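The values are calculated or read from the model by the stated rules, or taken from the named source; none is laboratory data. Not measured: the values here are computed from a predicted model. Reconstructed Cβ throughout: ideal geometry from the backbone, glycine too, with neighbour counts over all protein chains shown. Just the protein is used for accessible areas: all its heavy atoms, side chains included, with ligands, DNA and RNA removed. Shrake-Rupley method; radii C 1.70, N 1.55, O 1.52, S 1.80 Å.
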Amino acid sequence: QCLYQFLAFVPPSNESLRKPGTASVMVDTQHPLTLLLNSSVGDRDLCKIQYHFGEFGNYSLVVKTLSTSTQTVSCDLIINEGPINSYLPILFAFLVYMGILAILIAGRLLMKIDPVRNWVYKKLNPRATDRMINSELGSPNTTDSINFDPAPQSWSTGSRQRLRSLDTFRGLSLVIMVFVNYGGGKYWFFKHESWNGLTVADLVFPWFVFIMGTSIALALGSMLRWGSSKWKVLRKILWRSFVLILLGIIVVNPNYCLGPLSWDNLRIPGVLQRLGFTYLVVAALELLFTRADSGTWEGRFPALQDILPYWPQWIFILVLETIWLCLTFLLPVPDCPRGYLGPGGIGDFGKYPNCTGGAAGYIDRLLLGEKHMYQHPSSGVTYQSTMPYDPEGILGTINSIVMAFLGLQAGKITLFYKDQPKQIMSRFIIWGIVMGIISAILTKCSKEEGFIPINKNLWSISYVTTMSCFAFTLLLLIYYLVDVKKWWSGAPFLYPGMNSILVYIGHQVFANYFPFKWKMQDSQSHAEHLTQNLTATTLWVIISYILYRRRIFWKI
């Protein structure tokens, strides 16, 4: 439902020289396009062609007059040079990483052979080698700290082993986030969707919020069992929320390049800001109702022991969601239809060019000011919207709290059904199915036609339920492989997952420095971009591994 945009003017043919009029243009290849050819005389539509062009292809649209009396023309699309297969670099990168993985697995198997292991002992320091071989990649000594990637404790007081699946899940989300932020090889599916819909880039942030909620449930219960008072824990929650928000505003903010006093255009919302505020609300909410002893609930309906004792929390979350729905669909927005969820710009046939985000954008512009919001939203790419819009704005934070609360529910499941992996996995399955059904109802299983479309910019409730469905499913799979069957150690995602604050801030601060970035020979090459982005991401995994081996963990 986009307005047609002027592409080119084709001059008339030169009859005397028998030379046709020509015009050269470059078009987008992400989506199928509709080309409309108009006559300059009478503004009559001559032909309309729908086609999905390929990257670096060369095409000709040949227009011929068939009859001057009836003014009929023919339009034929000719492929002069076929498009390239832009996905070959991804295949090559996949094969390289699979080769490295095969070598590591083969090396690990060889080390189980006594002669090989003895030979290694002779060549290397026996003590260091023994530590390297026999290490189970265990967790660091945990402290009583609690942050947005806290050290979840096990359920028995006699053991302090971490749930490695949580670190692995967090690390997987973080690695994808780093790769996407570095450019994702300039592939469209590694960029955020322009408006409605999902790409790979849209998955990682809500997963990160989800696992933060899971960690809150485990860490708070552990701290209280080890004797910390609720007031002491609350002070830690307040302090860490403040530090996260401060880091987001001052450190992870491109405005710092303009100097320490350049506050006129400082972006106030952001990823760390949203994490900090979401953490504050969900952790404080859990602190009010958590118990030091998370034993079996003695009330009715024992199958719902992870839900019913916390009914005030659910009422609070439902009230929050009601506020989001009322503000989104009932708040009057000047010059915009009530309940508008569109991108503005040329979307919706250009009827509401300044209504990007509807109530969400209006609230941010009203409370924060346009200069303190994100100035280049993803909607500007396809829909050519000119209004600033912040995907980490105020209204969307309500649904990020809901996302973290659903992650908190996953943490409660692991607490209440300790030492019962079948119960834990079955409940993850049930929650995943429930969230999927809610998403199907809200979206009508479509991208654009649902009651509430999936939209990362708006953090719509359907986006939250869909991402929660994926998160419960993925956590189930990782939990089964890592903590139940122990078929996978969680490497290499385990390492960045245990140093997530350092990796996230570091990859932002050093994004434009070598060896994370360098001057490329061909800026249009997917292969060069993919090589650079994968190299930078791999370096952060290596850095986190080195820090892990040295037992260095940056906590807030």
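Some points to look at:
- Residue list for the range 352-381, restricted to those being assigned to a helix (DSSP H, G or I) and either without any contact (Cβ under 8 Å) to a residue 24 or more places away in the chain or within 20 Å of the chain's Cα centre (by Cα) (or both): ALA360, ARG365, LEU366, GLU370, SER379, GLY380, VAL381
- ALA536, sole failed condition from (1) within 30 Å of ILE552 (Cα to Cα); (2) small (Gly, Ala, Ser); (3) outside any helix (DSSP H, G or I): (3)
- Candidates ARG240, ARG225, ARG235: the one that is closer than 21 Å to GLY171 by Cβ, open to solvent by 10 Å² or more (accessible area, probe 1.4 Å) and not acidic (Asp, Glu) is ARG240.
- Looking only at the range 8-37, and only at residues there that are of a type in the set (Val, Ile, Thr) and out of contact with any Asp or Glu (no Cβ under 7 Å at 6 or more places or on another chain), the one that is most open to solvent (accessible area, probe 1.4 Å): THR22
- Applying a threshold of 8 Å to beta carbon distances and a minimum spacing of six or more residues, or different chains, the list of pairs starting in the range 313-341 at a residue that is touching a residue at least 40 places away in the same chain (Cβ under 8 Å) and ending at one that is open to solvent by less than 80 Å² (accessible area, probe 1.4 Å) and of a type in the set (Phe, Trp, Tyr) reads GLN313/PHE289; GLN313/PHE405; ILE317/PHE405.
- Hey, GLN5 within 30 Å of SER379 (Cα to Cα), exposed (fewer than 11 other Cβ atoms within 10 Å of the Cβ) and among the polar types (S, T, N, Q) or not: yes
- Condition met for ASP483 (in the same structural domain as THR214 (by the TED database) and charged (D, E, K, R)): yes
- Complete set of residues in the range 38-50 that are farther than 16 Å from CYS2 by Cα and open to solvent by 40 Å² or more (accessible area, probe 1.4 Å): ASN38, SER40, VAL41, GLY42, ASP43, ARG44, ASP45, LEU46
- Condition check for GLN50: touching a residue at least 12 places away in the same chain (Cβ under 8 Å) and more than 25 Å from TRP188 (Cα to Cα): no
- Filter pass, ILE413 being β-branched (Val, Ile, Thr) and touching an Asp or Glu at 6+ places or on another chain (Cβ under 8 Å): yes
- Of all residues making up the range 218-242, the number that are within 20 Å of GLY497 (Cα to Cα) and either modelled with pLDDT under 90 or under 22 Å from the mean Cα position of the chain (by Cα) (or both): 5
- Any pair with Cβ under 8 angstrom, 6 or more apart, that starts in the range 392-410 at a residue that is over 26 Å from MET425 (Cβ atoms) and of a type in the set (Asp, Glu) and ends at one that is open to solvent by 10 Å² or more (accessible area, probe 1.4 Å) and outside any helix (DSSP H, G or I): GLU392/PRO269; GLU392/TYR374
- Of everything in the range 148-185 that is open to solvent by 20 Å² or more (accessible area, probe 1.4 Å) and charged (D, E, K, R), the residue that is modelled with the lowest pLDDT is ARG160.
- Residue ID - surrounded by the most Cβ atoms within 10 Å (Cβ to Cβ), chosen from residues in the range 85-115 that are among the small types (Gly, Ala, Ser) and within 18 Å of TRP188 (Cα to Cα): SER86
- All of PHE516, PHE493 fail the test of being within 16 Å of GLY184 (Cα to Cα) and among the aromatic types (Phe, Trp, Tyr), apart from PHE516.
- Residue match in the range 433-456 (condition: open to solvent by less than 10 Å² (accessible area, probe 1.4 Å), polar (S, T, N, Q) and in contact (Cβ under 8 Å) with a residue 60 or more places away in the chain): yes
- Within the range 60-84, the residues that satisfy the criterion of being surrounded by fewer than 12 Cβ atoms within 10 Å (Cβ to Cβ), under 27 Å from TRP188 (Cβ atoms) and out of contact with any Leu (no Cβ under 9 Å at 6 or more places or on another chain) are ASN80, GLU81, GLY82.
- Here the condition is being more than 30 Å from ILE478 (Cβ to Cβ), at pLDDT 90 or above and buried (at least 21 other Cβ atoms within 10 Å of the Cβ); of LEU330, LEU366, LEU395, LEU406, it holds for LEU395 alone.
- Only one of ILE542, ILE478, ILE546, ILE552 that is more than 16 Å from the chain's Cα centre (by Cα), surrounded by fewer than 17 Cβ atoms within 10 Å (Cβ to Cβ) and within 19 Å of LEU101 (Cβ to Cβ): ILE542
- The set of residues in the range 505-520 that are open to solvent by 20 Å² or more (accessible area, probe 1.4 Å), within 16 Å of VAL175 (Cβ to Cβ) and not in a loop (DSSP other than H, G, I, E, B) contains only GLN508.
- When the criteria are applied in full, GLY344 fails the requirement of being open to solvent by less than 60 Å² (accessible area, probe 1.4 Å), without any contact (Cβ under 8 Å) to a residue 40 or more places away in the chain and on the phi > 0 side of the Ramachandran plot.
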